[in-house]
Amino acid sequence: MKTPSLRSLWTGRILGALVVLVLSADAGVCLFAPHLLATNMAQTGFPLELSSVIGGILAASTVLYAIPRTSMLGAVLVTGFLGGAICTHLRLGELGSPPQIICALLGVAAWASLYLRHPGIRVAFAGS
């Protein structure tokens, strides 16, 4: 396995930090300001009381992603969470909506960050 270049390593770190920042902000709103989500939660059919559960799951997944030793597990969990959000909007008939695009981009960014930082991920994606 070839060690990533310094440029690749830092690009991956910055991309990962942006993912963590966005997901942490989303989790923070769910946990500490759920009233801001009342309209969106009602539109998606989720009771507002679940915002703390959703925020807790997202926060835990984000922390696992942010810790280098557990980043792959965190990426799987974050990707699953984002996939659920994409599916929710698809169920509402919002194909290609901004929330879906943002979720898809965050999921790609999470894995791209790992790809740039970890040679093992490159090997797994290459199939070698």
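The values are calculated or read from the model by the stated rules, or taken from the named source; none is laboratory data. Quantities reported herein were computed from a predicted structural model and do not represent experimental measurements. Positions of Cβ are generated from backbone atoms using ideal geometry, with glycine treated the same way; all protein chains shown enter the neighbour counts. Please note that ligands, DNA and RNA were not included when accessible areas were found on the heavy atoms of the full protein model with its side chains. Shrake-Rupley method; radii C 1.70, N 1.55, O 1.52, S 1.80 Å.
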Taking the alpha-carbon centroid of each part, what is the distance from the range 74-97 to the range 1-38 in angstrom?
17
Heavy-atom surface of the chain, accessible at 1.4 Å and reported per residue (Å²)
60
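Contour minus end-to-end for ILE102 and PHE46, with contour as 0.36 nm per residue of separation and end-to-end as the Cα-Cα distance? Provide the component values of the computation, followed by the final result.
Numbers: separation 56, 0.36 × 56 = 20.16 nm, distance 1.99 nm.
Taking 0.36 nm per residue and subtracting the Cα distance, the gain is 18.2 nm.
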Student exercise, the chain dipole from Lys, Arg, Asp, Glu Cβ charges, in Debye to nearest 20
660
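For the range 27-128, what does the relative contact order come out to in percent, with C-alpha contacts under 8 Å and a separation of six or more?
Details: 79 pairs, mean separation 18.4, N = 102.
After rounding, I find 18 percent.
Is the C-alpha gyration tensor of the range 32-125 telling us rounded, prolate or oblate? Criteria: a/c under 1.5 is rounded; beyond that, a/b larger than b/c is prolate, otherwise oblate. Before the final figure, lay out each step's value.
Numbers: a/c = 3.12, a/b = 1.67, b/c = 1.87.
Here the range 32-125 falls in the oblate category.
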